[in-house]
1. Kirkwood Rh, Cα Rg: Rg to Rh for region 146-208?
2. Obtain the nm distance between the two label points defined at residue 48 and residue 266 by a simple spin-label model: each point lies 7 Å from its Cα along the Cα-to-C-beta direction.
3. Students often check this: by mean Cβ neighbours within 10 Å, which of 272-279, 248-255, 334-341, 90-97 ranks highest, and how do the rest follow?
4. To the nearest 20 debye, what is the magnitude of the charge dipole of region 48-178 about its Cα centre, counting +1 on the Cβ of each Lys and Arg and -1 on the Cβ of each Asp and Glu?
5. If you restrict to DSSP beta bridges whose two residues both lie in region 132-260, what percentage is antiparallel, to the nearest 5?
6. Compute the FRET efficiency between residue 3 and residue 116 as 1/(1 + (r/R0)^6), taking r as their Cβ-Cβ distance and R0 = 22 Å, and round to the nearest 0.05.
7. Sort region 104-239 into rounded, prolate or oblate with this rule: let a ≥ b ≥ c be the square roots of the eigenvalues of the Cα gyration tensor; rounded if a/c is under 1.5, and if a/c is not under 1.5, prolate when a/b is larger than b/c, oblate otherwise.
8. Hey, any idea what Rg/Rh is for region 271-342, computing Rh the Kirkwood way over Cα pairs?
Amino acid sequence: MTRLRFGMIGLGMAVAPHARSLQDLAGDIELVHAFSPSPERRAGFSKAFGFPTCGRIEDIIEDPSLDAVMVLTPPNTHLELVERIAATGKAILLEKPLDISTPRAEALVTACERADVMLAIMLQHRFKPAAERLAARLREGRLGPLIRCSAAIPLWRPQAYYDEPGRGTLARDGGGVLLTQGIHTLDLMISLAGPVSRVCGDALTSPVHRMETEDLVTASLRFASGAVGTLDATTACFPGFPERIEMIFRHGTAILAGSSLDIHIHDGGHETVRPDNSPGGTGADPMAFPHDYHRGVIADFAAAIREKRAPRIPGRSVLHVHRLIDALLESGRTDLPVELAG
């Protein structure tokens, strides 16, 4: 089988789990070019992972032999990059979030759809074994209808994290804890519980950090299914703890905590997935997690290209979480409930 030929744009902080995943998948994927405008980053990337690099982004965008491009650049660059790549017909795997605002995210998704180009998003929490096990159990229907779903995202980032140029700003990142960190858990929550129809809460910057955007959000949630729940998200919870999704059903309860899962059913059934014992990126080192989940997303993306099917996390599906984040921030600004369109 001929290997798929990939390019990579962006060699910043997020690159390591992608590169390790590509090393694991070397039998199926060849990374042909990896671009950064920084000679130092290119040299460090080549030394660490052994992949070829380039100093011209055109070497990737204009290479007709490439099947796909992985985009790992800051969020405020995504729309224009994706538009350029989509015009060449290459499939795209984009690091979250889609972009810094929902209108830009919508334009990005539309550009790929108009060009008939595959767009997959790196939201790897859906590929955790515990999350996949719970999703399978929900499809079986044994737990019954959902009654309550709540998410807690008690993370820690030191001030030094936000002192990096552009970090936590509207111009580069588009937001704070919700769009940069919480998007993973919110996306997983929606994939399991369905869309949220109404929010009411607070979004603010705590005294713990000096930053432009929010580092603390609390809200009540109502889901389109009629279930209710709560959200607590922060990067001010020292030293950082695993994200948690608690789901109460008519016939049982399921709790996802980090990489673990516990399911308890009224008839006495019990199922457990043990944690992998990694820090999970909850504390001062945001990259302290295994690359297995990234590998799952990339492997699915490659399989989708070969099988000419949609990836498991297509771009349009991620608009749900962007709109939820908008609603949470609007409720925080206005101190009023916000309804989400169906």
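1. For region 146-208, the value is 1.01.
2. 5.1
3. Put in order of decreasing packing, that is 90-97, 248-255, 272-279, 334-341.
4. Computed charge dipole of region 48-178: roughly 920 debye.
5. 85
6. It comes to 0.40.
7. Because a/c hits 1.5 or more and a/b fails to exceed b/c, region 104-239 counts as oblate.
8. Result: Rg/Rh = 1.11.
Values in this text are rule-based calculations from the coordinates and carry no lab data. Please read all numbers here as calculations on a predicted model, not as lab measurements. In this analysis, Cβ positions are derived from the backbone assuming ideal geometry, glycine residues included, and neighbour counts consider all displayed protein chains.
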